[in-house]
Amino acid sequence: MSTDSRFVHKMWQEQELSKMVKGGVPFPMLSDAGGQIGQIYGVYDEAAGVDIRGRFIIDPDFVIRAMESLTPEVGRNPDELIRQVKAFQHVRATGEVTPSGWQPGQVTLKPGPALVGKVWEAWKP
Amino acid sequence: MPEMKEGCVKPARGPILPASQAAAPATGTTTSQEVKRVLARVGKEAIDFEANAFVEGVGFKPVKLSDYKGKWIVLCFYPGDFTFV
């Protein structure tokens, strides 16, 4: 989503993105005319008139699970996005929690009184 | 791709605030504009919206965030087309 119109989105897809991704990007390219949606999500820069690099993960219950926002100079890391989605999916499926830097397949933690003071034993990255 | 019948001005609804938020008066102001408070917070329900969109293979259509309710959603903002994201 950006403040560009849907017409500009179409041109970007056809002129550039389709040359970088086979078939073009498959998801909807949304237009935030006037930045109204970016304001509600806290990522609209009024001075520049654009949305900054905001990213949100929303779960199947429509609850926001993660948010990240960067000023425009630095691009994002899709690997970290995918890691976070997989971690939230794992937590939702199992009730376990994932320690820092967790990757799928690695040890998770079961929160509770028994874990207090024992994280150092359960988790040795 | 189907023919796109579309004028250049076709506003989408933008933010669709829950009744409790929309009814809250803008304190200390007399503006008739919508309240532009930041409402997105982790652990809270996402704020729905409708935006005009270009969708590959479909064309132009309005898309609501709640169209994807029940799925995992990544919502991504970026400053501008033809730049990196």
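The values are calculated or read from the model by the stated rules, or taken from the named source; none is laboratory data. Note that the structure is a prediction, hence the values are computed from the model and not measured. Glycine gets a Cβ as well: all are built from the backbone with ideal geometry, and neighbour counts include every protein chain shown.
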Matching residues in segment A:92-113 - criterion: being at pLDDT below 95 and in a helix (DSSP H, G or I): A:Thr94, A:Pro113
Residue pairs meeting the criteria (Cβ under 6 Å; at least 6 apart or on separate chains; first part of a helix (DSSP H, G or I), in segment A:69-90; second of a type outside the set (A, V, I, L, M, F, W, C) and buried (at least 16 other Cβ atoms within 10 Å of the Cβ)): A:Ala87/A:Thr98; A:Phe88/A:Arg65
Qualifying residue in segment A:15-24 (condition: among the hydroxyl-bearing types (Ser, Thr, Tyr), in a loop (DSSP other than H, G, I, E, B) and more than 8 Å from chain B (Cβ to nearest Cβ)): no
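For every residue, the table says whether it meets (1) surrounded by 17 or more Cβ atoms within 10 Å (Cβ to Cβ); (2) at pLDDT 95 or above; (3) of a type in the set (A, V, I, L, M, F, W, C).
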position	(1), (2), (3)
A:Val8	yes, yes, yes
A:Glu14	no, yes, no
A:Met29	yes, yes, yes
A:Val43	yes, yes, yes
A:Asp51	yes, yes, no
A:Gly54	yes, yes, no
A:Val63	no, yes, yes
A:Val74	no, no, yes
Residues located in segment B:50-74, provided they are facing chain A (nearest Cβ under 7 Å), out of contact with any Gly (no Cβ under 8 Å at 6 or more places or on another chain) and closer than 28 Å to A:Glu73 by Cα: B:Asn52, B:Ala53, B:Phe54, B:Val55, B:Trp72, B:Ile73, B:Val74
Residue in segment B:40-49 that is more than 8 Å from chain A (Cβ to nearest Cβ) and modelled with pLDDT under 95 present: no
Scope segment B:37-79; condition in a loop (DSSP other than H, G, I, E, B) and surrounded by fewer than 17 Cβ atoms within 10 Å (Cβ to Cβ); matching residues: B:Arg37, B:Val38, B:Arg41, B:Val42, B:Gly43, B:Lys44, B:Gly57, B:Val58, B:Lys69, B:Gly70, B:Lys71, B:Trp72
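Is it the case that A:Ile58 is at the interface with chain B (Cβ under 7 Å from one of its Cβ atoms), of a type in the set (Val, Ile, Thr) and either surrounded by 14 or more Cβ atoms within 10 Å (Cβ to Cβ) or within 22 Å of B:Leu65 (Cα to Cα) (or both)?
For A:Ile58, the condition - at the interface with chain B (Cβ under 7 Å from one of its Cβ atoms), of a type in the set (Val, Ile, Thr) and either surrounded by 14 or more Cβ atoms within 10 Å (Cβ to Cβ) or within 22 Å of B:Leu65 (Cα to Cα) (or both) - is met.
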Residue match in segment A:31-38 (condition: at pLDDT below 95, among the β-branched types (Val, Ile, Thr) and under 22 Å from A:His9 (Cα atoms)): no
